[in-house]
Amino acid sequence: MPAACDSVLEDIEDIVSAEDSKPHDRQFVRKNVFPKVRKRNSQKNIQTDDDPPSDSIIPGAQKIWVRTWGCSHNNSDGEYMAGQLAAYGYKITDNSAEADLWLLNSCTVKNPAEDHFRNSIKKAQEGKKKVVLAGCVPQAQPRQDYLKGLSIIGVQQIDRVVEVVEETIKGHSVRLLGQKKDNGKRLGGARLDLPKIRKNPLIEIISVNTGCLNACTYCKTKHARGDLASYPIEELVDRAKQSFQEGVCEIWLTSEDTGAYGRDIGTDLPTLLWKLVEAIPEGAMLRLGMTNPPYILEHLEEMAKILNHPRVYAFLHIPVQSASDSVLMDMKREYCVADFKQVVDFLKEKVPGITIATDIICGFPGETDEDFQETMKLVEQYRFPSLFINQFYPRPGTPAAKMHQVPAAVKKQRTKDLSQLFHSYNPYDHKVGERQRVLVTEESFDSNYYVAHNPFYEQVLVPKDPLLMGKMVEVTIYEAGKHFMKGQPVSDARVYTASITRPLAKGEVSGLTEEFRHARQNGTNWKAQPSAEIPVKTPLSSWMALQLPWQQKGGGLKILSVSLALLAVIVMFYYGGMKTEL
C-alpha cells in the first residue's frame, strides 16, 4: 500500500461528479494515460521508524492536541470534535509537544487570528506533526497556498472528524466541506447530541443556529458559515436537558446572530427562550448570545420579560460597530444608530441593571474624523461596562477590502483614543457594599480566585474555596475594578447547589450512550464496519464506511489508497476493453 494518497478529495461522493469527463471522452484520451510507477527506495525499500507504512498504523491509539481560536460557536465545535475523538479511543492532550496530531480550529474574523493559525500550521509541520484543519478559515478559503495538501474538516462536518483524523494519521489528505441538508433544506449543522468534552464541565455552549441573514461588507465569517440555518426548538431543549443531567449549571446560547434565530423555520428567539427557561433547574443560569439590532427590535417586550427571569442573566451583547449612519451604511449593517439606541434605552428601562455589551470597529474604510467622534460620544453617553474595540483589518475577499482604506496610523490612533475613553470610567464603583447572588463556575487566570457572575453577568471574584465551585452563593462586594468586583461569601446565606447531579470530571466525555459506555469499559473499540448504504456518486460497491454510534447511516468515509487504485484499474480496463471491442 502506498504511504500516502496523492489526490485530495472534497468528499468521497466527489470521486465521480458532474464536472468529470464522461466515459465517451475518457475513451479517446486513454492513449495519454500512463500508470505511475513508484520508484523503490535505494536502501532496499527499508521503512524507517519515523515513517512507518500507513497499513501498519492503528488509528485510535494516538494523542491529539486541539487548539481553538475565536467565538463561543467555534469553541463549542472544538469541544464536540474533542469528544468524538476521545470516545473513539484517541487521547486528547494539553501538551502539544507530545501529540501525534494537531487539530487546529481556526477563526477568520481578524487577520491576527488567522496569522496565529498559519503560524501553528508551520510549527506543526516543522515538528513533523500530522495536521487536521477546522473552523472558518479553511471553510471560507480552502484553496489558499498554505493549506495545500492538508486535511480539512468543514464547519458543518464536525461529526465526521474521527474519519478525517483516522485517514490523516494513515498519511492521506482528506477534505470534507459540504453542507448538511434535509430534503434540500440546509440544516443548522451536525447533531447536537454528539459526544463532547467541555472545556469547563459546568458550562454548556449550545449553538442555536449557524450563519446569518446579513451581508456585512467586512465580514469573512459569512463566507464560512453561510446563510441562517436554525436548529429545531425541541432539539435545543433536549440538549439543554441532557447538559443539566451531566452536572452543567450554566448554559451559553451562541450563534453568528442569536436574534435571527428561527426566521428560517417559522419560529423566533422568544419562543425558544421560554421553552428553555422551563428546563432550567433552580440555581442554574442561562446566558444569551450576540444579537444584532434589527432582529431584536421586533421582540423587545418579550425579550425584556425573559431577561427579567431569575434564571436568565440580565445581559445582552448588541454590536453597534459605529455611531455614524454613513459608516453603518457602508458596512451594510441594516440599521441606524437610532435603532441601536432604541433597543438599549428600552431594555435599560424595562430590565433595571441590565448589562449591555457592544462592539466597535475603529478605522472602517471611509470613516471620517466626524464619524469617529460620533462613536466617541455614544460610548461617553452609555459608558458600556463591556466594550470590544477592534481596529479594522481588511479581510481578503470581502467588499470592504476593496474600499478606500483609512491610513494605518489613523486607525491605530482612533483605537487608542477609544480605549483611553473606555478605561476612563469604572462601571462598578457604586456597587461596593452591595449584597449579590453569584454563580461560581471558573478559576481566575492567575489561579488566585474563583470566578462567579451576578444576575447581570458581571464578574465577581470570590475566595478559592472548593466548596463554592458550581454553587450559587450570596456575597458582599468589598472591592471593584475596571472589569470585576470582589465578593466575600455571607456566612448566614443559603447556598444553592446549581447542578442537579455530579458534574463530569474535567476531560470526561459527555453525551455517550449506555451501550457505548459499556463497550468502552469492556475494552471494545468502535471500528470500521461495512456500510449498508453506498454513496450515490460512488462507482464502487465495495466501499467500507466507518460507522460510529452517533453518526447517521450512510455518513461514512473510507478514502483508502488501495480503493482509489482499484477504481483506477477498473476504469482503465473497462474502457480499454470497450475500445478493443470497438
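The table below gives the values:
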read-out	value
Accessible area per residue in Å² at 1.4 Å probe, computed on region 430-497	51 Å²
Considering only region 188-427, percent of DSSP beta bridges that pair antiparallel, nearest 5	10 percent
Spherically averaged projected area in nm², based on the convex hull that wraps the Cα atoms of region 67-132	4.4 nm²
Nearest-10 value in Å² for the accessible area of Met403, using the 1.4 Å probe	60 Å²
Long-range HN-HN contacts of Ser207 with modeled amide H, under 5 Å	Thr254
At 1.567 mPa s and 4 °C, Stokes diffusion of region 188-427 via Kirkwood alpha-carbon radius, µm² per second	68 µm²/s
Whole-percent carbon and sulfur share, accessible surface of region 97-158, 1.4 Å	47 percent
Solvent-accessible surface (1.4 angstrom probe) belonging to Lys220, in square angstrom, nearest 10	10 Å²
Exposure ranking of His483, His404 by accessible area [1.4 Å probe, largest first]	His404, His483
Placed amide H near Ile152: partners under 5 Å, 5+ positions off or other chain	Leu133, Val174, Arg175, Leu176
Segment His483-Leu300, extension gain: residue separation times 0.36 nm, minus the distance between their alpha carbons	63.1 nm
Inter-site label distance for Asn448 and Lys148 at 7 Å from Cα along Cβ, in nm	5.1 nm
Probe 1.4 Å, all protein chains present, accessible-area order of Thr415, Thr368, largest first	Thr368, Thr415
Per residue accessible area of region 188-427, 1.4 Å probe, in Å²	37 Å²
Binned Cα-Cα distance frequencies in region 239-348 - 5 Å width, integer %	2, 11, 22, 22, 18, 12, 7, 4, 2, 0
Cβ-Cβ FRET estimate between Ala215 and Asn426, R0 fixed at 45 Å, reported to 0.05	0.70
Calculated FRET value between Lys350 and Asp492, using beta carbons and R₀ = 35 Å, to 0.05	0.60
Dipole of region 63-179, positive end: most advanced residue of Ala86, Gln144, Thr68 [Cβ charges, Cα centre]	Gln144
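The values are calculated or read from the model by the stated rules, or taken from the named source; none is laboratory data. Computed from a prediction, not measured in an experiment: that's the story for all the values here. Positions of Cβ are generated from backbone atoms using ideal geometry, with glycine treated the same way; all protein chains shown enter the neighbour counts. Note: accessible area is taken over every heavy atom of the protein model, side chains too, but ligands, DNA and RNA are not part of it. Shrake-Rupley method; radii C 1.70, N 1.55, O 1.52, S 1.80 Å.
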